[in-house]
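The values are calculated or read from the model by the stated rules, or taken from the named source; none is laboratory data. What you see is a predicted model; the values in this text were computed from it and never measured. No Cβ is skipped: glycine too gets one built from the backbone with ideal geometry, and neighbour counts run over all protein chains shown.
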Amino acid sequence: MPLRASLQLAAFVLLVALSACTPPGSDTYSRADMGRVATVMKGKILSMRSVKIAGTQSGIGAGSGAIAGGIGASGIGNGGRSNAVAAVGGAVVGGIAGAVAEEAMTKSTATEFIVQQENGQTVAIVQQNDEHLAVGDHVMILRSGTARIIKDSSGK
C-alpha cells in the first residue's frame, strides 16, 4: 500500500474513532446515565470563564498511525532487511504523528461555572455552555456521579 494511501486510511480511522469525543454539555448524557436518579439543588451563577479541555491520549491515534506508517514505509528499500527496517521506522514515526494528531483533534474549550447553591456552599462545574448561561442566572445543579447545570425555568 503506498504511503499516501496508508496515511489517508489512518486519518480516516482516527476521525471515525474520535468523532464522538466532546466535552459534556447540559444536554449530553451517556447511556449509563439513563434511568439514574440525580440529586437536584438550585443555585446562582457567580462567575464563569472559558477553560481549555486537554485532548485524549487513548492510544487510538498512536496505534492507527503506527500501522499506517509501518505499512506505508515497508515498500521502501531493496527488499528483505531494508524493508523491515523501513517498516519499523515508519511505524515509530507514524505512531508519534498519530498520537499528536489525536491530541490535537480532541482538545476543545468549555466553561467553568462558579455557582452558589441555595445552602450557601459554592461549587465549580465545567461543561459546555450550550444554554448560553450568564453570570446571575438561576440554575439547577444535577448530580448523579457527575454534575451539570441547567437553566432554572421553574420560576420558584
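Taken over the stretch 106-120, the residue count meeting the criterion of being at pLDDT below 75 and of a type outside the set (Lys, Arg) is 2. Of all residues in the stretch 77-99, those that are of a type in the set (S, T, N, Q) have Cβ atoms under 6 Å from Cβ atoms of residues that are not in a helix (DSSP H, G or I), 6 or more apart or on another chain, in Asn83/Ser74; Asn83/Gly77.
Kindly indicate whether any position in the stretch 131-150 is β-branched (Val, Ile, Thr) and modelled with pLDDT under 85. Before you say what the answer is, go through the steps one by one.
So in the stretch 131-150, the residues β-branched (Val, Ile, Thr) come out as 135, 139, 141, 146, 149-150.
From what is left, the residues that are modelled with pLDDT under 85 are 146.
The answer is yes; a qualifying residue exists.
Val135 meets all of the listed conditions (1) in contact with a Pro (Cβ under 7 Å, 6 or more places away or on another chain); (2) exposed (fewer than 14 other Cβ atoms within 10 Å of the Cβ) but one, namely (1). Within the stretch 108-125, restricting attention to residues that are of a type in the set (A, V, I, L, M) and surrounded by 15 or more Cβ atoms within 10 Å (Cβ to Cβ), which residue is nearest to Gly43 (Cα to Cα)? For the stretch 108-125, the residue satisfying everything is Val115. Of all residues in the stretch 35-48, those that are surrounded by 14 or more Cβ atoms within 10 Å (Cβ to Cβ) have Cβ atoms under 7 Å from Cβ atoms of residues that are among the acidic types (Asp, Glu) and in a strand (DSSP E or B), 6 or more apart or on another chain, in Met48/Glu112. Where strands (runs of 3 or more DSSP E) fall entirely within the stretch 95-156, those with at least 1 residues that are touching an Asp or Glu at 6+ places or on another chain (Cβ under 6 Å) are at 122-127, 138-144, 146-151. A residue that is over 30 Å from His132 (Cα atoms), under 23 Å from the mean Cα position of the chain (by Cα) and modelled with pLDDT under 70 occurs nowhere in the stretch 71-91.
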